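Below is one structure, written out as structure tokens, with a few remarks after it.
The values are calculated or read from the model by the stated rules, or taken from the named source; none is laboratory data. Computed from a predicted model, the values in this text were never measured in an experiment. Glycine also receives a Cβ, built like all others from the backbone with ideal geometry; neighbour counts cover every protein chain displayed. Note: areas computed on protein heavy atoms with side chains; ligands, DNA, RNA excluded. Shrake-Rupley method; radii C 1.70, N 1.55, O 1.52, S 1.80 Å.
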Amino acid sequence: MRKRTVAVVATVLATAMMLAGCAGGNDNANGGSDNVSDGSYSTTPTSGDVKTQEFKPKSGSPTATLKIASGSENREVAGAIQKAVDDSKVAVTLDYMGSLDIMNTLENGGGDYDAVWPASSMWISMGDTKHIVKNAQSTSTTPIVFGIAKKKAQQLGWANDDGTTKSVATTDIIDAVQSGQLKFSMTSATQSNSGASAYLAFLTAIAKTGQALTQDDLNKSDVQNSVKTLLSGVDRSSGSSDWLKDMVVVNPDRFDAMVNYESLVIQANKQLTKDGKDPLVAIYPADGIAVSDSPLGYVDRGQKTDKAFGEFSKALQSKSAKLLFEESGRRTGLGGVLTYADNAKVKDSFRSEWGINATSSALKTIPMPSADVIDSSLSVYQTILRKPSWTVWVVDYSGSMEGQGKDGVVRGLNAALDPDQAKQAHIEPGNDDVNILIPFSSDAFNPTKTTGTDTSAILNTGSDTRPNGGTDIYAGLEAALKNNMPDDFSKYTTAIVLMTDGQSQTGNKDAFTADYKANGHEVPIFPIMFGEADPSQLNELASLSNAKVFDGRTEDLATVFRQVKGYN
């Protein structure tokens, strides 16, 4: 992110936490139905794989349609959205994307969006350099917490069997990581609001000034060393908070903990409990946490949909919509309290046995830094403090990749690995990162390996290699798994990125699958689907490794390569 006009942005940032304390405003001023929800609106979240979701009134034709760039975490509040759509008669289409993408969309003029709905005001204030966002208002709040497996929390002495927790400071978490007792999953601080907010809270707590983080605080070696130690506990990264939650739910025995929104810990626990699994226990760092204020703002491009926006926004603040927010695990009251704390469905979400503190007493909120300090903090995260990544790029160079396919791959590798291009998306390689390119066709080619920021050897290989032959993705994956993994997995967040444009030969499939299950170290395999690739083959690999498939058929490959790098 480039430097902003700090005086303007800092003012907006300063109001972010004020918004967090006044979600919803005055109920008496709200339009739409003020009847409390009758239970006809589901609070079950949408699948994390859904990128676009449409909401239309259940009866009658919509008076207008709004297109909204939305954070992925809003999948969980589909019931509240549908209620607001029904009451306002305004249809909405939500495109789910990362916080950085929302910020970039605003920087570039708002695209064709009528509104933005990120997790935090921070991303509006950082991206709205053209001052096109109007009437932004918090819809709900939720703090970012550690959701720790119950048995692990008890082993650490942080929780009792009934879910009550002790006061846990950031330094306690650092000690647990340093002693090898705790690992956790977290979204990338440069790609997702939950990761960025948690990271800023870590820095602020460790600086111990009681004030907003400054550049001097950030430059202190003891602050950086402590945060680097804490981030060394990250065992899986993600570009999406909602997908991170789904990953933990699918394989709860694999993960000790995740850093995520309280509301997503609640959603995870509902599914874990339904599946007969132990729930996570919410731990609120006692020396400072960040709170998401979920602002919805109108993007004024002269398109004259402000009336429809006002009607939808007003309906989203109704009592019935607020109740649905709280049933989903969000908070809507002043200062983070629950407006409907006595409601049975709200009680079922905010369960004390899950360590959930339904009062505002646990929400010791950090003051947000100025825009230039946030900018510097994210750069320091990406280049110095985050856990180094070890990424093996297994890329299809079969004959069918000649022309457009290879051109897309070259653009994609440059978008993800060329330091200047990657820096624009805050995914640039750090000094200790390892990247390995393994081209393949009917067999795997020789690997090209780089360490640190100079990735020119990989980019040159990607450009110089000529497509030829058939397609055997399993040969490429086997080469990655057997000969191109780190000696010490604990030092890296490790991933295999597979890109293919065709259906693979399967002669090596069983051997690879057996090897992966035997000694694959649970390395995630992120397939990128392109051309005539077989979705069933790629979904099977993602399922095997608890990862996800990216679709390069409908988006530019450079964009997709950048997105997948955000998961490592």
Which listed residue is open to solvent by less than 10 Å² (accessible area, probe 1.4 Å), modelled with pLDDT under 95 and touching a Ser or Thr at 6+ places or on another chain (Cβ under 7 Å), from 566, 531, 552: 566
Tabulated pairs, the range 522-546, first touching a residue at least 40 places away in the same chain (Cβ under 8 Å), second of a type in the set (Lys, Arg) and part of a helix (DSSP H, G or I), C-beta under 7 angstrom, 6+ apart or interchain: 522/254; 546/254
Filter pass, residue 248 being in contact (Cβ under 8 Å) with a residue 12 or more places away in the chain, part of a helix (DSSP H, G or I) and either touching a His at 6+ places or on another chain (Cβ under 9 Å) or crowded, with 24+ Cβ neighbours inside 10 Å (or both): yes
Among (1) under 20 Å from residue 158 (Cα atoms); (2) open to solvent by less than 10 Å² (accessible area, probe 1.4 Å); (3) at pLDDT 95 or above, the one test that residue 284 misses: (2)
Options 408, 452: the member that is of a type outside the set (Lys, Arg), over 21 Å from residue 486 (Cβ atoms) and more than 23 Å from the chain's Cα centre (by Cα): 408
Only listed residue being in contact with a Gly (Cβ under 9 Å, 6 or more places away or on another chain) and part of a loop (DSSP other than H, G, I, E, B), chosen from 163, 147: 163
Members of the range 463-474 that are open to solvent by less than 20 Å² (accessible area, probe 1.4 Å) and not in a loop (DSSP other than H, G, I, E, B): 473, 474
For residue 432: the one exception among (1) open to solvent by 10 Å² or more (accessible area, probe 1.4 Å); (2) in a loop (DSSP other than H, G, I, E, B); (3) without any contact (Cβ under 8 Å) to a residue 60 or more places away in the chain; (4) under 30 Å from residue 125 (Cβ atoms): (4)
Selection count, the range 177-191, where residues are open to solvent by less than 10 Å² (accessible area, probe 1.4 Å), out of contact with any strand residue (DSSP E or B) (no Cβ under 7 Å at 6 or more places or on another chain) and within 25 Å of residue 152 (Cβ to Cβ): 1
Test for residue 532: is it at negative phi and assigned to a helix (DSSP H, G or I): no
Residues (open to solvent by 10 Å² or more (accessible area, probe 1.4 Å) and either in a strand (DSSP E or B) or basic (Lys, Arg) (or both)) located in the range 299-314: 301, 304, 307, 314
Set 498, 477, 437: member being buried (at least 21 other Cβ atoms within 10 Å of the Cβ), at pLDDT 95 or above and within 19 Å of residue 388 (Cβ to Cβ): 437
Some residue of the range 363-374 being outside any helix (DSSP H, G or I), surrounded by fewer than 18 Cβ atoms within 10 Å (Cβ to Cβ) and at pLDDT 95 or above: no
Candidate set: the range 455-475, residues that are under 11 Å from residue 439 (Cα atoms) and of a type in the set (A, V, I, L, M, F, W, C); chosen: the one farthest from the chain's Cα centre (by Cα): 475
Test: residue in the range 215-225 that is open to solvent by less than 10 Å² (accessible area, probe 1.4 Å), among the hydrophobic types (A, V, I, L, M, F, W, C) and either over 19 Å from residue 376 (Cα atoms) or at pLDDT below 95 (or both): no
One residue from 42, 88, 61, 33 being crowded, with 17+ Cβ neighbours inside 10 Å, at negative phi and modelled with pLDDT of 50 or more: 88
Close pairs from the range 187-214: first outside any loop (DSSP other than H, G, I, E, B), partner crowded, with 24+ Cβ neighbours inside 10 Å and of a type in the set (Asp, Glu), Cβ under 9 Å, at least 6 apart: 193/73; 194/73
So residue 353, is it open to solvent by 20 Å² or more (accessible area, probe 1.4 Å), modelled with pLDDT of 95 or more and over 30 Å from residue 86 (Cα atoms): yes
Count - residues of the range 395-429 that are in contact (Cβ under 8 Å) with a residue 60 or more places away in the chain, open to solvent by 30 Å² or more (accessible area, probe 1.4 Å) and under 26 Å from residue 107 (Cα atoms): 2
Residue check for residue 140: more than 29 Å from residue 315 (Cβ to Cβ) and among the hydroxyl-bearing types (Ser, Thr, Tyr): no
Residue satisfying all of: in the range 376-394; in a helix (DSSP H, G or I) and open to solvent by less than 10 Å² (accessible area, probe 1.4 Å); nearest to residue 478 (Cα to Cα) among these: 385
Top-ranked residue of the range 226-245 - restricted to ones that are aliphatic (A, V, I, L, M) and open to solvent by less than 10 Å² (accessible area, probe 1.4 Å), ranked as nearest to residue 71 (Cα to Cα): 244
